[in-house]
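What follows is a set of notes on a single structure, which appears directly below.
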Amino acid sequence: GGGGGAAMADGEGLVSVDYEVHGKVQGVFFRKYTQGEAKKLGLVGWVQNTSHGTVQGQIQGPTARVRELQEWLRKIGSPQSRISRAEFSNEKKIEMLEHKEFQILK
């Protein structure tokens, strides 16, 4: 990060970012709500439960929208969930979306 740069650069380009959410996030419709929120924001990617009790996935879309979902994953989640932390990794700029929709993976 760091540095200024043109204001339009941010929010215009597409980004891809991986995420993992820790806390009470399984058995609380977390994936369903994440999918709904992503669709509302017009994002694509996926979400799934892991074997160690977290929820992970990938988000792709316009930078500003991706930031909104990251914030949602960090602080809000589904009504019954208790998020302890959300980690984001492998963020990169992409030329085009690699997913057609936002899917819940088994």
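The values are calculated or read from the model by the stated rules, or taken from the named source; none is laboratory data. Please read these numbers as outputs of a predicted model, since none were measured by experiment. FYI the Cβ positions are ideal-geometry reconstructions off the backbone, even for glycines, and counts take in every protein chain you see. For the accessible areas, the whole protein counts, side chains as well, though only heavy atoms, and no ligand, DNA or RNA atoms are used. Shrake-Rupley method; radii C 1.70, N 1.55, O 1.52, S 1.80 Å.
Remarks
- Lys100 more than 9 Å from the chain's Cα centre (by Cα) and either assigned to a loop (DSSP other than H, G, I, E, B) or of a type in the set (Val, Ile, Thr) (or both): yes
- If you go through the range 23-48 and keep only what is of a type in the set (Phe, Trp, Tyr) and open to solvent by 10 Å² or more (accessible area, probe 1.4 Å), you end up with Phe29, Tyr33, Trp46.
- Residue in the range 60-84 that is least open to solvent (accessible area, probe 1.4 Å), counting only those that are closer than 10 Å to Ala38 by Cα and among the charged types (D, E, K, R): Glu68
- Complete set of residues in the range 66-91 that are among the aromatic types (Phe, Trp, Tyr) and either more than 13 Å from Arg31 (Cα to Cα) or free of Cβ contacts under 8 Å to residues at least 12 places away in the same chain (or both): Phe88
- Residue within the range 49-59 that is open to solvent by 20 Å² or more (accessible area, probe 1.4 Å) and within 15 Å of Glu101 (Cα to Cα) present: yes
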